[in-house]
Structures are given as structure tokens and as C-alpha cells.
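Inspection log for the structure reproduced underneath, given as C-alpha cells.
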Amino acid sequence: MEQTHKPHRQSKKSKDAKKQHSGGPNPKAFVVSNPGKLARQAARSHDIKEKRLHVPLVDRIPDEPPPRLVTIVGPPGVGKTTLLKSLIRRYAKETMSDPVGPITVVTSKKQRLTFIECPNELEAMVDLAKVADIVLLMIDGNYGFEMETMEFLNVLAATGMPGNVFGILTHLDLFRKPQALKDAKKRLKHRLWTELYQGAHLFYLSGVLNGRYPDREIHNLSRFISVMKNPRPLVWRNSHPYTIIDNYRDITHPTKIEEDENCDRSIELSGYLRGTNFAAEGQRVHVAGLGDFTISAMEVLPDPCPTPMMEQALAKASGKTGRRRLDEKDKKLWAPMADRSGLKITGDHIVITREKGFAFDKDAEGVERGEGEQLIVDLQGERKLLGYSDKGVKLFASGEELTQVPEEADTGRKTQRKARFAAREEGDDEDYPEDEGFVSGDEPEGSDVEESEFDMSKLGKMFRKQNDQEKEGDINFADSDSDLGSLSGDEEASEDEGDGDEDFDSDDEDGAAKWKENMMERASKLHGKRRPYRAVDLGRFMYDENLSAKDALKKWRGEDNENEDMEEDIEKDDEDDTFFKRTGNDTAEDLVEDRLIPRFDYEELAAKWSSEDTVEALRAKFATANLADGEGDDDEDFDGFDEGDDEDDEGDGAFEDLEAEDGEERDGKEESEEPAEISLEAEREKNARRKEELKLRFEEEDREGFMNDKAVARREGGDEEFGEDDWYDAQKAMLQKQLDINKAEFENLDEGQRAAVEGFRAGKYAKLVLEGVPAEFVKHFQAKRPIVIGGLSATEDRFGFVQVRIKKHRWHKRILKTGDPLIFSLGWRRFQTLPIYSIWAERTRHRMLKYTPEHMHCTATFYGPLIAPNTGFTCFQSFSSSNPGFRIAATGNVLSVDENAEIVKKLKLTGVPYKIFKNTAFIKDMFNTSLEIAKFEGAAIKTVSGVRGQIKRALAKPEGHFRATFEDKILLSDIVFLRAWYPIKPHRFYNPVTNLIGWQGMRLTGEIRRAENIETPLLKNSQYRKIERQERHFNALQVPKKLAAELPFKSQIVATKPQRKETYMQKRAVIVGGEEKKARDLMQKLTTIRKEQVAKRKAKKAETREKYLKKIEGVEERLENRDKREKKAYWEREGKKRGRSGGDVGGGGGKRRK
């Protein structure tokens, strides 16, 4: 059937009747549909914007930053070592069997990472939490969060949470059901978010294949680590220098160790410098777990693991081409403490390990050997000279093998060299050859050659050989370019001469012998003429306290010949000759100035500076320039430059003292022309003009700071002020500007001067030498324990009383007691001290607390190092792992460092009255002498019943008795007490935790008794005893009859008179006789026995019924199960029957079953 639709009904309003738009603003176009939602969106966007704004911090990350420290933390057995091996394999393509200590790898062109595994020791967790840049928190997914994980997270939160903390779930292959795995991931993810922040990253490692995690999962983790940005720097790390030690060596003289094995050692520690700059001299440091030391020597070493960008910059400076990508050869690894291919550096010796022994076939080809194995093969080979083989000589692996020497080649001296002296005497007319003392010849047969001792001032001449016999000086050739050092003996001069010295690269072995090329030319260039002028040398000479200004200028110009004698005296100890020396017979050509002195046309300069416009343009560059508008023509303030040659002027121009109060002038000529008396108004105008000029100059120099127009207008409340983000950007611009200024200033100095002024910069790989280290550090050294060295400021090296805000951790089982030893991790140090807890009571005093509050903060005062306020810390009662509970006892931050902080303890003095005169009473048993009473005259006292009073005067006769007045009459039975406050000072106890050399902390008395099995003594006065109090009888209240009559009706005292006769109830009272009393007693006993029997019977019946109910439940359960099985079997049979009958069994047409 076809459906019919109704026709469309047209609108009653025609199109022409519609209102046309007038073209004005439409009020409905911008109406907010939901004002509440708009307000919430605006508030949220503003909150997000405000969260980005922090107090601007100085970005101290250097141009060549140190490697980021990646700490792998987790409980034992969670897979930390496996993850470390997998990451090293991913970055360096190398397999490590025992990765211990810091391991540095190159991850990209500009980035390096230092991996370190945190051992399962609370001390190591605390130390690494202070320096970690990235934390990989490993969690056993099959077990969940463990106590060590939660402890480390709380230590991180107290010391300063780094921006990059990632969770890693392992052992996920132990889950059998996918749904259980999904639920566990979700539960652990939300638990981690609770501890860190919403959205914290969580990675999953499914299983272990061939001793490593799957490559794809490790690849995802490494990619995420590599692309991370630098988080906001922590305040503590941004203001302190520190380093993580990756190698150490005992440099104590063997003789001292032979004399005394337990003598203090001198150790050498190496690592990348981090944080701020280390001081060049006298830097105080704290070695975590060892103590405070002063760095005796410090030296910057070549970077053992440079990035390709650093190598490229070095190649660019030396004129070589660098690589453009991080290929396989550039994937460098620096792990001196770890077992790398069977080679391990431990202290001052090398350990080579191999599972199959040390029997090698040296002639086998195509066999891969590690560094250690190859070293063993070389050591087990035949004893040959360096580079000698069966066919010839091959000094370098990539070099050419020499089988014969051509005759025309220079093979050394063939005749004995002639004697040569640095400075000849007058009678010596012997001429020297042109090659400056190089005479061919063989060495004398009887020369005795031995190694020279190590001299810190001549690192380039380290392995040279010298002659002990005092003969004519033979020149000693170096065995290699590394033995040669600097050709000129002066490393600074050789660095500036690009043609004279080559910058050798460690990877480029082909250029190792280039020092022999053009030897004569370079010798004549370096020593035939004087050195050029250099501003670096002038700065060094000017700040040398042993030289006067005239001597420094002469030495810089090269006019002082004592420089050569000084260099010869320095080298006289080792009798060490350099390759080239001045012979003393300078020719006329040598004396010609070879300096870069600019030559000017002085006539042109005179014409230029005779112009007034040029002089006025130069005038604005000086401090005496007039910058204010309309005041440039005023000659009263500034007279310009003095054209005359005044003797007192010394050619520097006439300068004016802007701060002079009386307007005196420096020039005597101007003093005579100045009027004798200046009016007060003129002087004020003059000073105002000077201040305006200084203000304009300061604003011109500091356009980004507080002195610009916007900042002034903002302070004065003007219309022109900073925008919403302008102030924040201005502060960051100020910090960045200061950093650029510092960087530009220090770039003009050489490395030596820069280290002396600025210190050793972060990012450098340096060697630190510590003296007086206990011998136990060397004996108990373990590479798995991290060694953190933190720099100390001048304040942190002092000790005193520190006030902190502390709160007992909510997971710690016991509250803390005043006076009990507590271990603080504050700053770089870990130490044990005796804190006293207090609370700020009544805004007047710090009242001592015996115990810490349960769920609130309190104040603690202890003796320790002075640390800056707002520094976080953590507290522990013990570092022992045998403690089953949560080991972090408390957390907090430093409030102040105040020596005068007074803590008072409540003291109650009690006494009793022995004479009472209305409101006056005589009190005894409170004081012993009248002197004590005199001290407390006027003090407030109080009785137990609440009557207040005051101490008046001491009594003359009974010593210790005094007179007191009260606001009401007291009783002889009242106890009078005085509430006083007793000042308490904390104990000056400081015990640093030196776990690297073995440490035993202060123990409680109870712990000592338990350890020594000593019984606790019981004092007689401390035992509880029964208190017997006499019953007191109080008199009845006596109200006078007159007063009682005047009382209102409700307050009338109703008192019934005592009855003289017995009342009716008393008369009819039944008194039980003898037999009846016995019968009642017997019935009561029988009733009691019956009740007890009934109760026993009822309990027995309930027990029996409970057993019966359990039995019935089992029977019912079995019956129910049987019914289910029967029903299931029945319907299975029915289904089969209906299936066979064709399935048409519906309809309900059959008869109803009865």
C-alpha cells in the first residue's frame, strides 16, 4: 500500500516580513552559552600558565656538559645488572660480564650518559639520590613495590626530586593469564603515579633472552632517554661543585707502606666535574662515607670519552677534517672499574680474567680476542724489541713495516757530538755549526742511562732518559713523539705557533712521526727570533708578585735575559736538555724586532683629533661625559681634556671626582680659577646634574634590568608597567646577559689564568689528589659502591647549632625521643647527632618536647655543619638492612642557623604551707636557701585547687621558707607549686658516618644491654608502689541564720530535723532469724549451682549445634551439586531427543503433565 504524505505547510511569515540585518554589532553573536564552563576554562589555562613560571635560576650547564648520570635503582633480584648490560650493548656494541662502577658511553653527537648501578645499601641510595640526573626505578611486576623502592622515592623527594624518574616493570613473563598481566600493569602504574606525579612514564620489560632484555624494548627505552630535555636545575647542585669518581689509584710512596701498613694514604681520584667550578687551590670537599678533605692537587686530564662534536671542534682547531656521523668506530665506552673484555683496572693494578685459562695459539687467524686476551698473547710472545718483527721494524699498527734503511736517509749521529754551552765565556771563540748543536755521532759506550723521576711541572718531558755521569752533555733523542713533549720546552709558545707544532690526534696514528719533518726550520722559527707580543703573557707577568712592573714589562718585551737562565735552573735538577737551545751568539738578524707593532700615520691622526666634532664624539665614551640634555655646554662641571703638557697630568687627561662634596678639583690650575665660595643652591644644582648623568649612564648600560623605564614606572605606580610575562622574561634576560658577559671576559684568558681565576670548570675530566686518607679505604675498597665528592662552601665548613623543621615519617613505626642518636643526611654529609625536639609555644618560647608529635611538624635543634636555610634532609635511626621496618625515620628542611636559639624545659617546684594568716601564708619545702628565693621574688605561684598567688620575701629564721600572698585563703592541706622554665643546650656531638672505612654509630642504652645480656637495674624509687591516702572528713557547710533567711525561695536550705523516734518503716522491718537465715543461704547456693550448670549445658549444646550445622552445610552442598548434575544430564538427554525429532517440539499443544 502506497503511503501518502501531507503537503508542506508554508510559514505564516513571509520572507519579505523578515527583519533585515542593520549592520551593527550583533549582541547574540558573542554571548557565552555556559558562563560557568568558561570561568573554569579560563582558570585552568591561567593555572597552566602560572605553573611554567618559576624563580629564574642561572643556567650553569657548560658548552661541553658532563655526561648525564643515569642511576639504576631497585631491590635485589629485580634485574638491575641485566638492564645495565643491555643498555651498554645497545649503545657501545660491547658485552660486559661484570659491569661495576660508573660506565660512560657516547649516545649521540653531543650527548654522553654515565650509567651506575645502585647497590642494595641505604647509604648508596642516599648518596646517588643527591647527584642523579635520570633515575630508572626497577620494579618486580610479579611482586609489586618493595620497601627499598619506597625508601628511595622518599629520599628523592626530600633531597630534591630530579625531573626524570621512570619506572621499569620486569618479570612480566611470569604472568600466565593476559588479564592478570593487564590488571597488574594498571595497578602498579597508578601506584607509581601516586608516589611521583600523574602521567609518570612506566616501561615494560617482558623477559630475558641470552642474558639480556629484548632489543626492541631496550631500543625504545634508550630512544626515550636520548631525546629528553634538561630539567630545571636543583638549587643545591646549581650552587655546589661535585663529581662522581670512576677511577682511583693509591699513589702513596711504597716505603711508607712498608714501614707502616696502616699509615695515611695519598689517593688519586678521577671523574667528570659537575655543578659549579672547583676552586683552583684549597678547595674543601666532602667524600661521602669518608670525611672532609682539602684537595692537595688537581689537574684537568684529556677527556677519555669525548663526543664527536668535541672531536670535530678539536679537528677544526688543528686543521683536520672530522667525521659527520656517529659510526661504529665512534661508539666509545669508558669503564675503568668494570670488566671490559677480560680487562679490569682496579686501583693501581690491572686484572685480566679468562674463563678458559691463558693458553693461546698466537698464530691462529680469524680469532676474536678481547683487550685483555690480546695483551696476554703479546706478553707470552718472544722477547723482542719494541716494534721488532721477523721481517723488519713496525712501530705503529697502521704504519709501514721497514725492512731496510736507505743510505741517504738521516739515521742519526755517526760521530761524537761536540760540547755545546748555553752561554759562552769571553775567552771562548769556538764557532758552532748552523744546526744549533746537532752533531752526528754515536753515544759513548760507558753511558749509564736510567729513567728520570716524575716531575709535575714537566709532564711533556716525562719519559726522557738522562745521563748520570757529569760529562759533556749529550743530547737524548726521544723514543716516540709522546716522550718528546713540547719542541720548545714552552707549551704556551708552541700552541700559538701554528706552523711550528702539530696537534696530534690519538686516533690518527699515521701522523705520529711528523715531529721529525722540517726540524731545522721549526727550530730556527721558534728560537732564532724573539717571541711576539702576547696579551696573555703580559697579564701573567703583571700579576706575578715576584716581579715589579718594570721587570714584567722588560720580560714581556724580551729585554730580560734572565728568563733563559731561570729555565735552565728549573731543568738543572734532572740535567735534562731539550732539543733546541739558544747558543748565545745572536746575529744582527736575530735582534730585529719581529713583533706585530701597528704603524700609524701620525700627521693624519693629528689632523683627525684637531677637529672639535671628533673630540666631542670621544667625550661621550668617558665617565665625565654630560649625557643630560641641554647641559653639554656647561663648562663648570667638565673642562674637557687638557691640551697642555702638564707634568701632574701624565697624559691621561683631567678627571673629576664625581663624589666630591665640596666641589674640589684634581688639577691645581683649576683650583686657582674656582671661586673661593660657592653658594649652596649652585652646589645642589651641580650635584643634581651629576646624579642625573650617572643615572642616564646606568640606564644605558642596563636596559634589561630594574633601572629601565618600565621598572621605575611599575615601582612608582605609573601607567607604563610590565606586561603579563615581561617581568619574568626580563629576569631571565638579566641572568643570560650576565652569563654572556662572564663568558666573554673569561674567553680572553688562557687556560692557566682562567683556571686560577674561575677555577676548574664543569664538564672537564679531572684528577683530584687527596692526602691523609685512612688506610682502611684502600683495604675495604669496593667498586660497586659509588664515591661522591661534593664541594663545601666556607659556611658549610663551620659547625654550630642548626634549627630544622622536622616531621616523623608516617610509615615509621615509632615516634622519636629527645636525646636519642639520629643519623642526618644533610647536604653532602651523613652524620649522627643528638637532636632536641621543641615546639614554638605561646609565641614566646621554644618548649622542649620529650617525643615528636605523631602527625605534625616540630622544631629540632642539633649540633652540626651550618647549611643554608630551606635545604631538605632525611633522618635514619639505622642504616642496617636487618631492620625489618621502614628505615626513614623523619624528613624536613633547615629553618635557620642560630647560636642563640634557646630551648626551655618546664620545671615545677612544689611546697606546702605551714602557717596561714587570711590571704598570707608561709611556705616551706620549695627552696633550700634564701638566695634561691631572692631570685624568684615576684614569681607567680598556684595551688592545686586553683588559688593564685605571688612570692613576696624570704623569711629570716627558717632557711628556705618564704612568705607568699594569695587571692583567697588557702588550707594547710593545699599543695603550692611554681611553674618555671629551665634552659637546655643540645650536646655538641657530631659523628660522621664513614661507611667506606667501617663505622659504628652510637647505640642506645637498651641496645647495649641487649647485646651484652645485662639486666635492667630496678631503682627503688622508680618502682610502682601502693598509694595509701587517708580519708578526709570535711566539716558541714555552716550558713548563718540571718543569711539563710534572706536567701530567695529557690536557694532556701531545706534541712529535716533528725527523728528521735523510730518511723513506721523502721518498726515493720523483718529481721530474719537463725533457722530462716540458714534456709535462705542454702537456697541461694543451690540456685547459683543450678545457674552454672544451665550455662555449661547451654554452651555445650551450642558447640554441638555448630558442629551439626557445619555437617548439614556439607550435606546440603553435596545435594545441591547432585541436583545440578542430574538437571544438566536430564537436559542434555532432552536436547538430544529433540534434536533427533527434528526440533519441532514447540507449540505447547500437549496435555499438561500431572
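Values quoted throughout were computed directly from the atomic coordinates according to the rules given, and no laboratory measurement underlies them. Computed from a predicted model, the values in this text were never measured in an experiment. Glycine also receives a Cβ, built like all others from the backbone with ideal geometry; neighbour counts cover every protein chain displayed.
Grab the other residues whose beta carbon is less than 12 angstrom from that of Gly938, score K and R as +1, D and E as -1, and report the net.
+2
When the label point is put 7 Å from the Cα of Arg284 along its Cα-to-beta-carbon vector, which residues of region 793-811 have a backbone N closer than 16 Å?
793-802
For region 215-291, what value does the Rg/Rh ratio take when both radii are computed over Cα atoms and Rh is the Kirkwood radius, given to two decimals?
Numbers: Rg = 19.3 Å, Rh = 16.6 Å.
For region 215-291, the value is 1.16.
Dipole size in debye (nearest 20) for region 848-1005 around its Cα centre, Lys and Arg Cβ +1, Asp and Glu Cβ -1? Numbers along the way, then the final one.
Working: 20 positive and 11 negative charges, 117 e Å.
For region 848-1005, the charge dipole is close to 560 debye.
Within the set of other residues whose C-beta is less than 12 Å from the C-beta of Lys1100, count the net charge using Lys and Arg as +1 and Asp and Glu as -1. Walk me through the intermediate numbers first.
Working: positive: Lys1096, Arg1097, Lys1098, Lys1101, Arg1105, Lys1107; negative: Glu1103, Glu1106.
Residues close to Lys1100 contribute a combined charge of +4.
Rounded to whole Hz and in sequence order, give me ³J(HN,Hα) for region 67-79 from the Karplus expression 6.51 cos²θ - 1.76 cosθ + 1.60, θ = phi - 60°, writing x for Gly and Pro.
x, 5, 8, 9, 9, 9, 10, x, x, x, x, 8, x
Round to the nearest 0.05 the FRET efficiency obtained for Leu735 and Lys935 when R0 = 56 Å and r is the Cβ-Cβ distance.
0.45
Taking just the alpha carbons, could you work out the radius of gyration and Dmax for region 938-998, both in angstroms?
Computed over the Cα atoms of region 938-998, radius of gyration and Dmax are 22.3, 70 Å.
Starting with the highest mean, order 183-196, 919-932 by the number of other Cβ atoms within 10 Å, averaged over the residues of each peptide. Kindly include the intermediate steps, with their values, before the conclusion.
Details: 183-196: 15.1, 919-932: 16.6.
Averaged packing, sorted descending, gives the order 919-932, 183-196.
For the peptides 979-985, 611-617, 1026-1032, what is the packing order when you average, over each peptide's residues, the other Cβ atoms within 10 Å and list the highest mean first?
979-985, 611-617, 1026-1032
Pop a pseudo-label 7 angstrom from the Cα along the beta-carbon direction at both Glu685 and Asn230 and give the gap in nm to one decimal.
With each label placed 7 Å out from Cα toward Cβ, I get 5.5 nm.
For Asp797 and Glu1007, FRET efficiency with R0 = 35 Å and r from the beta-carbon atoms, rounded to 0.05?
0.60
Rule-of-thumb check for region 73-136: C-alpha Rg over 2.2 N^0.38 Å? Each step should come with its number before you reach the end.
Working: Rg = 12.2 Å, N = 64, 2.2 N^0.38 = 10.7 Å.
In units of the 2.2 N^0.38 Å rule of thumb, it is 1.14.
Starting from the Cα of Leu314, step 7 Å along the direction of its Cβ; do the same at Asn1021; then give the gap between the two resulting points in nm.
A separation of 7.7 nm, rounded to one decimal place.
Taking R0 as 35 Å, what FRET efficiency do you get between Lys1067 and His1033 from their Cβ-Cβ distance, rounded to the nearest 0.05?
Between Lys1067 and His1033 the formula returns 0.65.
Points 7 angstrom from Cα along the Cβ direction at Lys110 and Asp726: gap in nanometres?
Simple spin-label model gives 3.2 nm for this pair.
In 10 Å bins starting at 0, how do the alpha-carbon pair distances of region 792-893 split up by percent?
Reading the bins upward from 0: 15, 49, 29, 7, 0.
What is the packing order of peptides 86-94, 753-761, 1121-1129, 735-743, taking the mean over residues of other C-beta atoms within 10 Å and listing the highest first? Before the final figure, lay out the partial values.
Working: 86-94: 19.3, 753-761: 17.8, 1121-1129: 10.0, 735-743: 12.2.
So the peptides 86-94, 753-761, 1121-1129, 735-743, ranked by packing, come out 86-94, 753-761, 735-743, 1121-1129.
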